[in-house]
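K.L.:
My questions will all concern the structure given below.
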Amino acid sequence: MRATRTWTISMPPELSRLAQQLAKAEHRTKSELIREALRLYLTQRDRPIAAGAAERLARAGELADVYRQHAATRPASDAELRRLFKGVRKTHERLRDFGR
């Protein structure tokens, strides 16, 4: 018997493109990326949100909306994208470590 199960999933083209880019940037397969995302979701799903965390998450969403509106007016430079991804990576690390 196989130790893994194969799934076929569908997702919007833009999400697929972003996942492909992220997997390539992190030198991993799409399967590894999706497995990690599902593990993180399952870990966080039943964990209560600490005081203040919901507000910080809402603020992060507001900032993402501002960025999307700004990005729609002009394309971002390579330096801006690097700075943005560095900030996203740091935020991800802080949120990942938040409940530990």
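The values are calculated or read from the model by the stated rules, or taken from the named source; none is laboratory data. As the structure is a prediction and not an experimental result, all values here were calculated from the model. Because the Cβ atoms are built from the backbone with ideal geometry, glycine has one as well, and the counts that use them run over all protein chains shown.
K.L.:
Name the residue, out of ALA60, ALA19, that is hydrophobic (A, V, I, L, M, F, W, C), under 15 Å from the mean Cα position of the chain (by Cα) and modelled with pLDDT of 75 or more.
P.N.:
Working: ALA60 fails: modelled with pLDDT of 75 or more.
That would be ALA19, the only listed residue that is hydrophobic (A, V, I, L, M, F, W, C), under 15 Å from the mean Cα position of the chain (by Cα) and modelled with pLDDT of 75 or more.
K.L.:
Follow-up. Considering only the stretch 25-38, state which residues are over 14 Å from the mean Cα position of the chain (by Cα) and either at pLDDT below 75 or part of a loop (DSSP other than H, G, I, E, B) (or both).
P.N.:
HIS27, ARG28, THR29
K.L.:
Cβ contacts < 8 Å: first residue within 19 Å of ARG39 (Cα to Cα), restricted to the stretch 75-100; second residue assigned to a helix (DSSP H, G or I) and modelled with pLDDT of 75 or more, any location; separation 6+ or different chain. Result?
P.N.:
These pairs meet every condition: ARG96/LEU40; GLY99/GLN44.
K.L.:
Could you check, for the stretch 39-49, whether at least one of its residues is in a helix (DSSP H, G or I), of a type in the set (A, V, I, L, M, F, W, C), surrounded by 10 or more Cβ atoms within 10 Å (Cβ to Cβ) and at pLDDT below 80?
P.N.:
no
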